[in-house]
Amino acid sequence: MEATKDVIVLLDRDGRIIDCNEAHAKRLNIPRDQLIGRNVFSLLPDDVSRKRREKVEQVFRDGKSLHFEDS
């Protein structure tokens with residue numbers, strides 16, 4: 001996960017962070033160890049949170065990985 005500067009986040013079904021890379025921690029300006037266990041959606045603005053929650057729900061529903069960029 002650290003071999004890329006892209007943000008990588010592993011979530012459970014409820015949006016809690018299981019693991020993430022340093023790029024994610026740096027983007028949020030929160031130490032990585034303080035992100036583990038937090039709900040990723042609570043860290044984002046409401047409009048971004050809604051869109052990303054829909055994407056996460058889609059992944060769990062379809063069982064397929066997903067790559068996307070915020071528009």
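The values are calculated or read from the model by the stated rules, or taken from the named source; none is laboratory data. Bear in mind that the values here come from a model prediction, so they are computed numbers and not experimental data. As a convention, Cβ positions derive from the backbone with ideal geometry for all residues, glycine included, and neighbour counts pool all protein chains shown. SASA here: full protein model, heavy atoms, side chains in, ligands and nucleic acids out. Shrake-Rupley method; radii C 1.70, N 1.55, O 1.52, S 1.80 Å.
Tabulated values for the structure
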| quantity | calculated |
| --- | --- |
| Extension gain, R16 back to K64 (0.36 nm per residue minus Cα-Cα distance, nm) | 15.4 nm |
| Potential lengthening between N39 and E2 on full extension [0.36 nm per residue; Cα-Cα distance subtracted] | 11.2 nm |
| Filtered GluC sites (Glu not before Pro), the chain: DSSP coil and at most 11 other beta carbons within 10 Å | E2, E69 |
| C-alpha long axis of helix 46-62 to longest principal axis of the chain, angle in ° | 60 degrees |
| Average accessible area per residue (Å²) across the chain - probe 1.4 Å, nucleic acids and ligands excluded | 76 Å² |
| Heavy-atom accessible surface of the chain: percent carbon and sulfur, 1.4 Å | 46 percent |
| 10 Å Cβ shell holding at most 15 others, DSSP loop, trypsin sites (Lys or Arg not before Pro): longest site-free stretch of the chain | 39-63 |
| Interchain or long-range residues, amide H under 5 Å from C20's placed H | L10 |
